[in-house]
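Down below is the structure, laid out as structure tokens.
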Amino acid sequence: MSENKRKRESAPTPDDIMLVGKEVQNKSGRSLGAPMSEDRAFRDFFGTSAIVVLALWQLLVETELLPEGGTMMHLLWTLFFFNVYPKQAQACSTAGASSGAIDPKTWRKLTLREGSAAAALMTAF
């Protein structure tokens, strides 16, 4: 971990996940209106609710299956991929959000890594 980055001291909340999700959707800083509308947009994009993502995240951390350097954003990219199974160029553009498209190698590496961790979690139970 970089010297400049601080480790998170508290567990993420559904609101934290919604904020990261909005960043992935390139909607950061913009409200869609009622909380139910925001939750619906999140579920449409990622295929599940922020509460389920939080439970998945916590299970990955508790079972030590979260890949080294894995972030909530990487997990959300993977859920987006599982939900819509986009072509690589579309996925890279979407995952980059307002920062621009991400490198296809990065996309493949991170979604495969996070997806493998989720699959390993399913076999653990």
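The values are calculated or read from the model by the stated rules, or taken from the named source; none is laboratory data. Since we're looking at a predicted model, the values are computed, not measured. Backbone-built Cβ (ideal geometry, glycine too); neighbour counts: all protein chains shown. Please note that ligands, DNA and RNA were not included when accessible areas were found on the heavy atoms of the full protein model with its side chains. Shrake-Rupley method; radii C 1.70, N 1.55, O 1.52, S 1.80 Å.
Quick notes
- Residue that is modelled with the lowest pLDDT, among those in region 95-120 that are hydroxyl-bearing (Ser, Thr, Tyr) and open to solvent by 40 Å² or more (accessible area, probe 1.4 Å): Ser98
- Selection status of Met18, open to solvent by less than 50 Å² (accessible area, probe 1.4 Å) and over 20 Å from Lys109 (Cβ atoms): yes
- Residue list for region 102-114, filter: in a helix (DSSP H, G or I) and not charged (D, E, K, R): Pro104, Thr106, Trp107, Leu110, Thr111, Leu112
- Across region 24-38, the number of residues qualifying as free of Cβ contacts under 8 Å to residues at least 40 places away in the same chain and surrounded by fewer than 17 Cβ atoms within 10 Å (Cβ to Cβ) comes to 9.
- Index of the failed condition, Ala117 passing every other in (1) under 23 Å from Asp15 (Cα atoms); (2) in a helix (DSSP H, G or I); (3) small (Gly, Ala, Ser); (4) in contact with a helix residue (DSSP H, G or I) (Cβ under 9 Å, 6 or more places away or on another chain): (1)
- Breaking point among (1) under 12 Å from the mean Cα position of the chain (by Cα); (2) within 24 Å of Ser28 (Cβ to Cβ); (3) not β-branched (Val, Ile, Thr), for Pro86: (1)
- Selection status of Ala124, over 19 Å from Asn26 (Cα atoms) and either buried (at least 17 other Cβ atoms within 10 Å of the Cβ) or out of contact with any helix residue (DSSP H, G or I) (no Cβ under 6 Å at 6 or more places or on another chain) (or both): yes
- Any hit, region 18-32, residues being within 30 Å of Ala124 (Cα to Cα), aliphatic (A, V, I, L, M) and touching a Leu at 6+ places or on another chain (Cβ under 8 Å): yes
- Any chance Leu75 is assigned to a helix (DSSP H, G or I) and either within 16 Å of the chain's Cα centre (by Cα) or surrounded by fewer than 17 Cβ atoms within 10 Å (Cβ to Cβ) (or both): yes
- Looking only at region 78-88, and only at residues there that are in a helix (DSSP H, G or I) and touching a helix residue (DSSP H, G or I) at 6+ places or on another chain (Cβ under 8 Å), the one that is most open to solvent (accessible area, probe 1.4 Å): Phe82
- Scanning region 32-53 turns up no residue that is more than 20 Å from Asp16 (Cβ to Cβ), of a type outside the set (D, E, K, R) and at pLDDT 90 or above.
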